[in-house]
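Undergrad: What follows is a structure written as structure tokens; I'll ask about it next.
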Amino acid sequence: MTSQTITAAASGTFELGDLTVNRIGFGAMRLPQHGAAFAAAAVPRDRDRAIDVLRRAVELGVNHIDTAAFYFSPLRSANELINRALAPYPDELVITTKVGPGRDPAGHWLPHATPAQLRGQVEENLRQLGRDHLDVVNLRIVGADSIAERFGALAELREAGLIRHLGLSNIRPHHLAEARSIAPVVCVQNMYGIGGSPDQGELLRTCGEQRIAFVPFYSIAGAGREGGAITDNSPEVHTIASAHQVSTAQVRLAWTLHQGPHVLAIPGTGNPDHLAQNVAAGSLRLSAGELSVLDSLGRETP
């Protein structure tokens with residue numbers, strides 16, 4: 001596979017509301033720093049290199065970038081890097097952000113935003129990105145409590161024109177039904193990958209039935225989460241990667257995209273070579289037998 005010549009268009013497209021995106025996108029979480037995301041000892045990434053990666057992603061056809069105001073290191077902010085690299089933004093570029101959690105200037109996590117605080121988080125994303133509206137805003141959830149009040153606050157900002165579309169992140173199935181009773185939901189971001197929870201597989205199928213994009217995070221890292229893949233990988237994944245002459249990460253991304261036409265991928269990296277490989281994974285077609293083998297792998301544990 002010659003990853004240098006393959007663009008994100010090879011992955012196909014899906015719609016986030018009225019916005020069409022290629023199914024291979026880019027996650028900005030790792031752009032501000034090397035090492036585990038949000039770790040106190042993380043080393044800020046070279047700014048020019050991060051900007052070059054973002055520009056290269058767009059050159060390779062990526063038109064869906066996932067970010068958040070709380071993606072920052074002591075010297076770098078993902079939103080600031082995106083603004084510097086890509087503004088004025090191409091018309092076809094869709095930037096998805098998240099609100100709910102917060103971090104203070106030292107990087108410490110803060111409690112979830114109240115409905116009243118969510119407007120401030122939306123406005124902070126607008127300011128950092130240099131936008132007059134946000135394409136998609138996901139409400140990120142921790143726990144099983146009702147989200148009606150918080151999602152309702154975002155729905156009001158959507159009505160006011162600050163947000164075009166709404167989504168959800170890290171949710172339970174009942175959250176989706178609750179949110180859809182308030183306003184349209186265009187995407188769900190949950191942790192999912194090879195060996196993932198059957199419950200998440202069921203939510204993935206529910207989203208497909210409702211024409212909602214399902215956007216897995218940690219589809220490469222799996223249980224390694226912010227620190228990266230730590231179970232890389234079972235012999236079966238290595239065997240399939242060798243057969244296609246690709247990396248195990250590309251196999252994981254390809255498996256993710258094979259889960260349904262509504263499934264998007266948002267792998268992140270600060271390495272231009274890894275970026276090209278991630279984009280090229282959108283053209284990797286796995287056989288029914290290979291998919292069956294990967295489907296059978298047990299749920300990963302750290």
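Quick note: the coordinates plus some simple rules give every number you see, no bench work behind them. Here the structure is a predicted model, which means the values were calculated and not measured. When we count neighbours, we look across all protein chains shown, and the Cβ atoms used for this are built from the backbone with ideal geometry, even at glycine.
Undergrad: Considering the Cα positions of the range 73-164, please state its Rg to one decimal place and its Dmax as a whole number of Å.
TA: Radius of gyration, then largest Cα-Cα span, for the range 73-164: 13.7, 39 Å.
Undergrad: Using alpha-carbon pairs under 8 Å, 6+ residues apart, how would you state the relative contact order of the chain in percent? Walk me through the numbers before you get to the answer.
TA: Details: 620 pairs, mean separation 64.4, N = 302.
For the chain, the relative contact order is 21 percent.
Undergrad: Below 9 angstrom from the Cβ of LEU294, what's the summed charge of the other residues (Lys, Arg +1; Asp, Glu -1)? Please report the intermediate quantities before stating the final value.
TA: Working: positive: ARG252; negative: GLU236, GLU290, ASP295.
Local charge sum for LEU294: -2.
Undergrad: For the pair ASP132 and LEU297, how long in nm is the line joining their label points, each one 7 Å along Cα→Cβ?
TA: The answer from the label model is 4.7 nm.
Undergrad: In units of 2.2 N^0.38 Å, what is the alpha-carbon radius of gyration of the chain?
TA: On the way: Rg = 18.1 Å, N = 302, 2.2 N^0.38 = 19.3 Å.
After normalising by residue count via 2.2 N^0.38 Å, the value is 0.94.
Undergrad: Please list the three semi-axes, largest first and in whole Å, of the ellipsoid equivalent to the range 152-196, using sqrt of 5 times the eigenvalues of its alpha carbon gyration tensor. List each step's numbers first, then the result.
TA: On the way: eigenvalues 112, 27, 9 Å².
Listed largest to smallest, the semi-axes of the range 152-196 are 24, 12, 7 Å.
Undergrad: Amide H neighbours of ILE266 under 5 Å, counting only residues 5+ apart in sequence or on other chains, H built in-plane at 1.01 Å?
TA: Here the answer is GLY25, since their amide H atoms fall under 5 Å of that of ILE266.
Undergrad: In addition: Sort out the exposed loop trypsin sites (Lys or Arg not before Pro) in the chain (DSSP loop, at most 14 other Cβ within 10 Å) and tell me the longest stretch that has none. Write out the running numbers ahead of the final one.
TA: Numbers: sites that count: ARG211, ARG285, ARG299.
The longest such stretch corresponds to 1-210.
Undergrad: Please give the contour-minus-distance gain from GLN245 to ALA177: 0.36 nm per residue of separation, less the Cα-Cα distance, rounded to one decimal in nm. Kindly include the intermediate steps, with their values, before the conclusion.
TA: On the way: separation 68, 0.36 × 68 = 24.48 nm, distance 4.22 nm.
Difference between extended and current length: 20.3 nm.
Undergrad: Also, quick follow-up: Give me the percent of DSSP beta bridges within the range 22-132 that run antiparallel, rounded to the nearest 5.
TA: Values: 5 of 10 bridges.
The antiparallel proportion sits near 50 percent.
Undergrad: How many angstrom lie between the C-alpha centres of the range 234-274 and the range 118-189?
TA: Using only Cα atoms, the two centres lie 29 Å from each other.
Undergrad: A follow-up question, please. Which net charge results when you count Lys and Arg as +1 and Asp and Glu as -1 among the other residues whose beta-carbon is under 15 Å from that of VAL21? Don't skip to the end; give the middle numbers.
TA: Working: positive: ARG23, ARG164, ARG211; negative: GLU15, ASP18, ASP66, ASP91, GLU92, ASP135.
That sum, taken over residues with Cβ under 15 Å, equals -3.
Undergrad: If each DSSP helix of 4+ residues adds -39,500 (n - 2.57) and the sum is divided by the residues in the chain, what number results at 222 nm, nearest 500 deg cm²/dmol? Intermediate values should be presented prior to the final figure.
TA: On the way: 10 runs with 106 residues, N = 302.
Calculated from helices alone, the mean residue ellipticity at 222 nm is -10500 deg cm²/dmol.
Undergrad: Oh, and also: For the residue pair GLU124 and GLU92, what label-to-label distance in nm results when each label sits 7 Å from Cα along the Cα-to-beta-carbon direction?
TA: Taking the simple label geometry, GLU124 and GLU92 are separated by 3.3 nm.
Undergrad: Treat each spin label as a single point 7 Å out from the Cα along the C-beta direction, and report the TRP109 to HIS34 distance in nm.
TA: Spacing of the two 7 Å Cα→Cβ label points: 2.6 nm.
Undergrad: Shifting gears a bit: Given a Förster distance of 51 angstrom, what is the FRET efficiency for SER197 paired with VAL43, based on the Cβ-Cβ distance and rounded to 0.05? Please report the intermediate quantities before stating the final value.
TA: Numbers: r = 32 Å, r/R0 = 0.64.
That gives a FRET efficiency of 0.95.
Undergrad: Nearest 0.05, what FRET efficiency do ASN271 and ALA160 give at R0 = 45 Å with Cβ-Cβ as r?
TA: Details: r = 39 Å, r/R0 = 0.88.
Efficiency for this residue pair is about 0.70.
Undergrad: Among DSSP beta bridges lying fully in the range 20-295, give the percent that are antiparallel, nearest 5. Intermediate results must be reported in sequence, preceding the final value.
TA: Working: 5 of 30 bridges.
Around 15 percent of the beta bridges assigned by DSSP in the range 20-295 are antiparallel ones.
Undergrad: Quick check: net charge around ASP46, other residues with Cβ under 11 Å of its Cβ, Lys/Arg +1 and Asp/Glu -1? Please report the intermediate quantities before stating the final value.
TA: Values: positive: ARG45, ARG47, ARG49, ARG76; negative: ASP48, ASP52.
Result for the neighbourhood of ASP46: +2.
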